[in-house]
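Scroll down for the structure; my scribbles are underneath it.
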Amino acid sequence: MENTVTTVLEVFCTQLIPKLTQWVEEFRKYRKKCLRVTLRDGKILAGYYNGFSHELQAIELRIDSDKLVSIPANNIYLCEVLDVAEIAKPSQPYAFGNMRYTLKDFPEPFITKDGSFDVMLAFGEGWRDYADYAETLRSVGKPVPPRFREGRRGDFDYLLTLCAKLGFESARRSQECGELREGRHPTVFPCGRQGYWISQEEKQRTNLITIGSGAVNTLTREVLEFYGNNLPIRFDSPQSDQQIFFDMDDEVKVYDRRNDEEKDIGLIAMLPSPYNQDKFILVAAGMEVAGTQAAILALCDGTDRRLSDMKCSFKGETMWIPMRLVKATEIEYLEHCEIAKKYSFLQNCSLI
């Protein structure tokens, strides 16, 4: 069920203190209502409003039954009151073994056995596009979310290659099923769109492939915000591309973009969709351009030879996970732009 925002509360970018008393009075009627709070750094928290602390000048948000979070009022960018509760976050590491599809099934479920597409592609955002997006929201009276870094040149160089590979695979499967011979092709061709333009209805209706980290792609950030620390391989925060964490055997390996040996690493993750439990999301993203390109190249090859899941120990449990670390191993520079020509998968911190 799609959440409807029933009330948008003050955007606290200026004149916070003079309006604070009025704001607190207004909040009294939202006690035990579900709030979605966007912080100034872009982090999003959702939970039930518990009250306001005059001593701390902070609202109290109950994230779950036993966790109460205080949010300083001067750190709030936006508050929204929802008519239904947010989707609950996983309370334990996701049970990857129960997934109907994993990386070894790629390109399913994004292309079905008869060649039909069931996917929308999401890619990162540039500053001019953000300006158009912001103007559209203002024109209909909707709040404008904070902007992070723009998509970088080269991040999506191989996106057209991936689309071509998926199109070829769709045609091959249709041919095998006899659809093309009969003059019928079941494919509804997918479209690609920047992350923040994808509507809630589209997120719920289809599988998604999202390209680029949460620093440049709003959809990626939403997905990573939902899963939080419940992923063995993840960025240091949903809106960052500075580091990648790999939890294994009760220790965390940290890859850092400031390290020349590690900056070209990216990740691939097949995850159940937070928007529809019957759909899936595939994330391909890197700390820098070459890492994102390496992740997309691996997906391109995944239409010809099967990708594999990875065995790891996470939070005391040994499991197979539909996630991989990938590194660009041969990089060319054309007009000062990186082009990843080859890649390798990492397993237990080593190239394979």
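Structure data summary
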| quantity | calculated |
| --- | --- |
| Positions within region 113-126 being at pLDDT 75 or above and closer than 30 Å to I331 by Cβ, in sequence order | V119, M120, L121, A122, F123, G124, E125 |
| One residue from T161, T187 being surrounded by 14 or more Cβ atoms within 10 Å (Cβ to Cβ), at pLDDT below 75 and over 19 Å from the mean Cα position of the chain (by Cα) | T187 |
| Strands (runs of 3 or more DSSP E) contained in region 1-100 and holding at least 3 residues in contact with a Leu (Cβ under 8 Å, 6 or more places away or on another chain) and either within 20 Å of T218 (Cβ to Cβ) or modelled with pLDDT of 70 or more (or both) | 34-39, 44-53, 58-64, 67-72, 76-82 |
| Residues within region 207-224 that are closer than 27 Å to T318 by Cβ and in contact (Cβ under 8 Å) with a residue 60 or more places away in the chain, tallied | 1 |
| Subset of region 127-151 that is in a helix (DSSP H, G or I) and surrounded by 15 or more Cβ atoms within 10 Å (Cβ to Cβ) - its residue that is modelled with the lowest pLDDT | D129 |
| Pick from region 191-202, criterion part of a helix (DSSP H, G or I) and over 12 Å from the mean Cα position of the chain (by Cα), ranking: modelled with the lowest pLDDT | W197 |
| Failed item in (1) under 11 Å from the mean Cα position of the chain (by Cα); (2) of a type in the set (S, T, N, Q); (3) within 29 Å of S170 (Cα to Cα), with Q239 passing the rest | (3) |
| Tally of residues being touching a helix residue (DSSP H, G or I) at 6+ places or on another chain (Cβ under 9 Å) and β-branched (V, I, T) across region 277-301 | 3 |
| Strands (runs of 3 or more DSSP E) wholly inside region 231-308 that include at least 3 residues being under 21 Å from M319 (Cα atoms) and without any contact (Cβ under 8 Å) to a residue 24 or more places away in the chain | 251-256 |
| Any hit, region 316-326, residues being surrounded by fewer than 20 Cβ atoms within 10 Å (Cβ to Cβ) and either free of Cβ contacts under 8 Å to residues at least 12 places away in the same chain or in a loop (DSSP other than H, G, I, E, B) (or both) | yes |
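The values are calculated or read from the model by the stated rules, or taken from the named source; none is laboratory data. Bear in mind the structure is a predicted one, so any value in this text is a computation, not a measurement. Using ideal geometry, Cβ is built from the backbone for each residue, glycine included, and neighbour counts are taken over all protein chains shown.
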